Amino acid sequence: MASKVNKTINEINEKIKKGKAVVVTAEEIIDIVRKKGRQKAAREVDVVTTGTFSPMCSSGAFINFGHTVPTMKAAKVWLNNVPAYAGIAAVDIYIGATEPAADDPLNKVYPGEFRYGGGHVIQDLVAGKVVKLRAEAYGTDCYPRKDLEKDVTINDFPSAILCNPRNAYQNYNCAINLSDKTIYTYMGPLKPRAGNANYATSGQLSPLLNDPYFKTVGIGTKIFLGGAQGFIVWPGTQHNPSVPRTKKGVPRRPSGALFVVGDLKKMSPKWLVGVSILGYGCSLAVGLGVPIPILNEEIIRYVAISDEEIYTQIVDYGYDYPNGITKSYGEVNYKELKSGSIIFNGQKIPTVPLSSYKKAKEIAQILKEWILEGKFLLTEPQQLLPSA
Amino acid sequence: MYSKIIALRFPKEIVDKPIVVNLVKKFDLTFNILKATIFPRKEGILVMELRGHRKNFNKGIEYLRSLGISISITGQDVRRNQEKCYHCGTCTAVCPTGALYIIRPDMEVMFDSERCSACEMCVAVCPARAMEVSLDKVHVL
């Protein structure tokens with residue numbers, strides 16, 4: 001069915017510049033479409049903002065820590081005793097969010113606490129804190145220096161770039177544990193015999209659940225990332241659009257993902273938070289929000305999605321997940337998950353969110369304000385993400 | 001009916017004496033033990049919910065103090081760092097007393113220190129390490 005409303009990103013940007021664009025959050029649009037219908041809503045609303053705030057393991061930062069005298073080609077580098085990858089160039093490193101401190105006891109005393117890791121280093125850097133940089137090298141004719149130890153802050157770095165290969169997963173499992181002992185997973189603590197069910201997306205506010213076929217989101221889309229403006233630069237690793245979907249096109253299990261980049265120096269410790277996941281490891285909670293331009297009635301249909309229309313699978317992390325068994329113990333929607341309990345095998349079990357809906361809402365709101373104030377213009381993607 | 005979760009610290013001299021039972025016999029109070037530990041050098045810690053008439057409750061506390069037991073309200077022991085908490089809700093998976101709970105539909109995580117039994121399960125589970133154990137036991141009844 002042809003859409004009666006058709007807008008371009010350029011036209012929307014012209015409205016933003018004039019202060020005339022209508023911007024609402026992915027939560028607010030639900031009622032607007034219910035009351036006004038798709039066509040009217042598509043005509044009136046120009047942009048819908050989304051948001052998510054959750055630990056996102058596949059995150060990290062490229063840092064160039066600047067040349068020293070004498071010069072050095074760092075081979076091994078630590079930031080606050082957390083190893084960074086140095087096999088790049090003389091003073092370029094990558095600090096990964098899940099890297100624990102070199103002397104962390106890990107899971108030797110189970111469940112390990114993982115108090116400090118790469119995610120914490122990133123948060124400390126964006127907070128402007130002093131971080132201890134230590135480097136070792138084998139020495140060359142052009143780079144003779146063999147060791148370095150100094151206190152640095154993010155301002156000392158010529159560049160610091162947040163570069164997350166997989167963020168903002170489009171839907172995620174609902175985790176339970178069918179074994180008879182408590183387990184500690186990246187999905188949080190799971191009590192035995194399905195004692196709790198943990199879930200991890202912001203549902204109706206989640207960026208990719210509002211654009212299930214990537215009709216607007218692609219390479220070059222400007223986004224909210226860690227409190228600053230960032231970009232989608234590629235499909236995330238493990239991006240997999242070929243999954244079962246609902247009638248409205250929403251994936252019923254984990255599918256798409258985003259590879260995102262942004263200037264770490266402009267970000268905020270409020271939106272990049274180092275986390276310690278008991279028994280599992282360190283990570284980084286990332287705040288991310290994507291603006292969805294309402295180009296036509298098809299797009300308005302996608303963004304109007306509400307929690308009760310988004311389904312995910314109940315997966316056992318006690319035996320199935322570690323053994324690579326893909327088995328679903330049933331489907332639940334996010335309205336049920338958010339209510340605080342679900343019925344599983346006739347039993348009422350409590351549900352536990354790992355993703356902060358409160359912060360997701362705040363992000364969608366901030367992004368909305370940026371656009372309304374004309375501080376944030378939409379970008380035309382150079383290529384859309386693979387949708388099949 | 002008055003009820004509070006309290007933490008008792010027993011000096012080693014009295015750790016082997018029957019004391020808590022007297023709260024029932026002498027003061028008509030009921031209790032629910034939430035945690036009990038005796039340390040290597042024999043100092044004991046007991047966390048319990050004590051319940052009864054307010055007058056009896058105070059008499060019971062007086063009795064315990066007269067034996068050299070120090071008493072603190074456990075809600076003072078575990079605190080939430082508001083700056084660090086990002087309201088995910090992970091802690092609600094392990095909190096046994098419902099002191100940590102989510103208000104809906106706002107999905108905001110609340111902490112009711114009155115209901116906290118100071119089991120400290122939330123401390124290690126909180127991804128942002130926002131739940132802190134305070135070493136300051138100044139708040140003595």
Which residues, counting only those in region B:93-117, are closer than 20 Å to A:I342 by Cα, more than 16 Å from the chain's Cα centre (by Cα) and outside any loop (DSSP other than H, G, I, E, B)? B:A93, B:Y101, B:I102, B:I103, B:E108, B:V109
If I ask for residues that are part of a helix (DSSP H, G or I) and either of a type in the set (K, R) or surrounded by 21 or more Cβ atoms within 10 Å (Cβ to Cβ) (or both), which ones from region B:118-127 would you list? B:C122, B:V125
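Residues checked against (1) crowded, with 23+ Cβ neighbours inside 10 Å; (2) not in a strand (DSSP E or B); (3) not charged (D, E, K, R):
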| residue | (1), (2), (3) |
| --- | --- |
| A:K270 | no, yes, no |
| A:G274 | yes, no, yes |
| A:L284 | yes, no, yes |
| A:I292 | yes, no, yes |
| A:Q313 | no, no, yes |
| A:T326 | no, yes, yes |
Which condition number does A:Y302 fail, the rest of (1) free of Cβ contacts under 8 Å to residues at least 24 places away in the same chain; (2) assigned to a helix (DSSP H, G or I); (3) of a type in the set (S, T, Y) being met? (1)
Subset of region A:348-383 that is in a helix (DSSP H, G or I) and acidic (D, E) - its residue that is surrounded by the fewest Cβ atoms within 10 Å (Cβ to Cβ): A:E369
Condition (residue is within 14 Å of chain B (Cβ to nearest Cβ) and either touching a Ser or Thr at 6+ places or on another chain (Cβ under 9 Å) or at positive phi (or both)) applied to region A:314-334: is it met by at least one residue? yes
If the requirement is being touching a Pro at 6+ places or on another chain (Cβ under 8 Å), surrounded by fewer than 21 Cβ atoms within 10 Å (Cβ to Cβ) and of a type in the set (G, A, S), which of these qualifies: A:A75, A:A2, A:A102, A:A90? A:A102
Within region B:49-64, identify whether any single residue is of a type in the set (V, I, T) and at pLDDT 90 or above, and answer yes or no. yes
Hey, which of the strands (runs of 3 or more DSSP E) in region A:1-64, taking only ones fully inside, have at least 1 residues that are in contact with a helix residue (DSSP H, G or I) (Cβ under 8 Å, 6 or more places away or on another chain) and among the polar types (S, T, N, Q)? A:23-25, A:47-49, A:52-55
When residues of region A:171-217 are filtered for being surrounded by fewer than 24 Cβ atoms within 10 Å (Cβ to Cβ), assigned to a strand (DSSP E or B) and more than 10 Å from chain B (Cβ to nearest Cβ), how many remain? 2
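The values are calculated or read from the model by the stated rules, or taken from the named source; none is laboratory data. Keep in mind it's a predicted model, so treat the numbers as computed, not measured. Methodologically, a virtual Cβ is constructed for each residue, glycine included, from the backbone with ideal geometry; neighbour enumeration extends over all protein chains shown.
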